[in-house]
Amino acid sequence: SLQRNLLRKLSADIFKKYQDLKNLYLQHNKIRAVSERAFKGLYNLTKLYLSNNKITILKPNVFEDLHRLEWLIIENNRINRISPLTFYGLKSLILLELMNNSLARLPDKPLCQYMPRLNWLDLEGNHIHHVRNVTFISCNTLTVLVMRQNKIISLNENSFASLQMLDELDLASNKIESLPPYIFKDLKELSQLNLSYNPIKKIQIDQFDFLIKLKSLSLEGIEIANIQRRMFRPLRNLSHIYFKKFQYCGYAPHVRSCKPNTDGISSLENLLASIIQRVFVWVVSAITCFGNIFVICMRPYIRSENKLHAISIMSLCCADCLMGIYLFVIGAFDLKYRGEYNKHAQLWMDSIHCQLVGSLAILSTEVSVLLLTYLTLEKYICIVYPFRCLKPRKCRTISILVLIWIIGFAVAFIPLSNKEFFRNYYGTNGVCFPLHSEQSESSGSQIYSVVIFLGVNLAAFIIIVFSYGSMFYSVHQTAITATEIRNHIKKEMILAKRFFFIVFTDALCWIPIFILKLLSLLQVEIPGTITSWVVIFILPINSALNPLLYTLTTRPFKEMIHQVWYNYRQRRSKRGKVSQKTYGPSFIWVEMWPMHEITPKVTKPVLCTDSSDASVTTQSTRLNSYT
């Protein structure tokens, strides 16, 4: 072994007296020049290692005496040119390693002309641009050809026509944009094909039809716009396939192993990959549906509130209930496809069921956002500008609610109207929710998604935060200028807590989505697991908590519950006797506007010395609305 020395040159006949030498190790030196007679007399040499040197050229006939050489390792050098004569005499060569050199082109003559037994050829990490028809014409015994990490931009139809014994072909990480239709037609014995990380724009439907013995196919990093099941159906022996996206696995359901085997949301076995997701989709669905349906049923029995506001709240509950139904449907299809999801994945994501359930989620989301914005602005006007607050009319309120629902339906169903522009807008993942966090999505889908989430929803969120902040500041400032400061402190703190939780739940729901969209615009890769958490856990937060914030924690609802409980206790204590004492609410709830139903006692005029006191009185009345 002469490795790791300071050899700079291999002179003529330097090894001639070592005719029985079988293995020669010359790696990790500084060899620049190799004489054409350097290996003269090494008739019994079987392995020659010249890797990690600075060799730039190998002269013709340099290996002519190495008739028994089986391994020739010349990786990590600076060789920029080779010819068939370079390998003259290597009639026993099996392995030729030329990795990480500076080869810019392959010879126009048969490369294996003097290597009739060559079995393995590794050309990884060079600068090869083209593969010509004649290059491998004499490599009849070649079984492994590695040409990854070159600069190949084109292949000819018959580039590999002579490689009928080829078992493995690696063309990964090149610059190939298109594949000739029948480039693989003669590779009947091929079992492994790697085309990963090439800018291939289109794969022919019958591209792989001739690869009847193919067992492993790698297409990682390739966006297959025209992917179809037909592409992989003839590959009956295929056992391993590697894609850029998990969703592509649905096009090869007969393949035993497909990578990636999850997108963070779904897996090959289940629509919802995680057991946590599978449990919580039912829990969140039940909470959301039950809470909103309960509020819809109970609202008519809260007698002292503004009826138009009750209609708005019930409309909000209907929108939020749709989110619960969406999660219920996702959970149901997860059960349906349990254990064999990949067989149905593509059919599910392309199905009308997925399109409709995705539309339902967006309808719920957008109507809820717009209704919350509307309710917030109504409160804002009445509290910050009390003398400009007009009593709402039924016609105006209903018109606004109808308009909001029309906008919601339009936003949700427009993507279904133009498949060419939006493509499969809702079918990008198993839960059919169009976050579109990947840059590879169609431009139409990306633009529309950005407009909805970073346009409409972000603007609504800013309006809600600003309005509640202004409301609290207005009430706080009024309390400071009033004479009865201490009487307002407790109510102000309760008001602050309510406003905080309303804004906090909105922020908890929407800020993660805004961040995801911004990161996707900045081309930051987002793990699919994060998307699943957003859809299953974060997005439904508002829908689940809105009944709690807008009804179940309000004083009128508490008063009603107390009254029911009081009457129940009275009936038990009296044993059926009619109670002489009745329980009534200690106040009348003014949710949003002054009400004509308020009793004379409550609306008794207050003597005000100036407009400031009048404002205090009005806002004090409204303060009770949120406590």
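The residues of region 290-300 that are modelled with pLDDT of 75 or more, more than 18 Å from Y374 (Cβ to Cβ) and not β-branched (V, I, T), listed by number, are F290, G291, F294, C297, M298. Taking the numbered list (1) free of Cβ contacts under 8 Å to residues at least 24 places away in the same chain; (2) within 20 Å of V283 (Cβ to Cβ) in turn, I330 passes all entries but (1). Taking the conditions exactly as written (within 30 Å of W405 (Cα to Cα) and of a type in the set (D, E, K, R)), does K244 satisfy them or not? When the stated conditions are applied, K244 does not pass them. Candidates I203, I241: the one that is modelled with pLDDT of 90 or more, within 21 Å of the chain's Cα centre (by Cα) and surrounded by 19 or more Cβ atoms within 10 Å (Cβ to Cβ) is I241. Among the residues of region 146-154, none qualifies, meaning not one is small (G, A, S), outside any helix (DSSP H, G or I) and under 30 Å from R37 (Cβ atoms). For region 84-111, filtering for residues that are part of a loop (DSSP other than H, G, I, E, B) and within 42 Å of the chain's Cα centre (by Cα) leaves 9. Taking the listed residues S196, S178, S162, the one that is touching a Lys or Arg at 6+ places or on another chain (Cβ under 9 Å), small (G, A, S), buried (at least 18 other Cβ atoms within 10 Å of the Cβ) and in a loop (DSSP other than H, G, I, E, B) is S196, with no other qualifying.
Yes/no matrix, rows are residues, columns are (1) at pLDDT 85 or above; (2) over 26 Å from Y326 (Cβ atoms); (3) surrounded by 22 or more Cβ atoms within 10 Å (Cβ to Cβ); (4) of a type in the set (F, W, Y):
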| site | (1), (2), (3), (4) |
| --- | --- |
| S266 | yes, no, yes, no |
| I276 | yes, no, no, no |
| I302 | no, yes, no, no |
| A310 | no, no, no, no |
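Among the residues of region 71-98 satisfying the criterion of being surrounded by fewer than 19 Cβ atoms within 10 Å (Cβ to Cβ) and in contact with a strand residue (DSSP E or B) (Cβ under 9 Å, 6 or more places away or on another chain), which is nearest to N126 (Cα to Cα)? Step by step, filter region 71-98, then rank; the result is L95.
Filtering V456, V431 for residues that are at pLDDT 70 or above, in a loop (DSSP other than H, G, I, E, B) and surrounded by 13 or more Cβ atoms within 10 Å (Cβ to Cβ) leaves a single hit, V431. State whether one or more residues within region 322-333 are at pLDDT 90 or above, under 26 Å from V402 (Cβ atoms) and of a type outside the set (A, V, I, L, M). Checked region 322-333: at least one residue is at pLDDT 90 or above, under 26 Å from V402 (Cβ atoms) and of a type outside the set (A, V, I, L, M).
Looking only at region 21-40, decide whether some residue is within 18 Å of L121 (Cα to Cα) and surrounded by fewer than 19 Cβ atoms within 10 Å (Cβ to Cβ). Step through it out loud before you land on a result.
At the first step, the residues of region 21-40 found to be within 18 Å of L121 (Cα to Cα) are none.
No - not one qualifying residue is present in region 21-40.
Quick one: would you say N53 is within 19 Å of E97 (Cα to Cα) and surrounded by fewer than 15 Cβ atoms within 10 Å (Cβ to Cβ)? The answer is no for N53. Taking residues in region 213-227 that are in contact (Cβ under 8 Å) with a residue 60 or more places away in the chain and farther than 17 Å from D186 by Cα, and partners anywhere that are surrounded by fewer than 18 Cβ atoms within 10 Å (Cβ to Cβ) and basic (K, R), the pairs with Cβ atoms closer than 9 Å and at least 6 places apart or on different chains are E223/K201; E223/K244. Remark: pairs (first residue in region 360-385, farther than 18 Å from A544 by Cβ and at pLDDT 90 or above; second residue aromatic (F, W, Y) and surrounded by fewer than 21 Cβ atoms within 10 Å (Cβ to Cβ); Cβ separation under 7 Å; 6+ apart in sequence or on different chains) are absent.
The values are calculated or read from the model by the stated rules, or taken from the named source; none is laboratory data. What you see is a predicted model; the values in this text were computed from it and never measured. Positions of Cβ are generated from backbone atoms using ideal geometry, with glycine treated the same way; all protein chains shown enter the neighbour counts.
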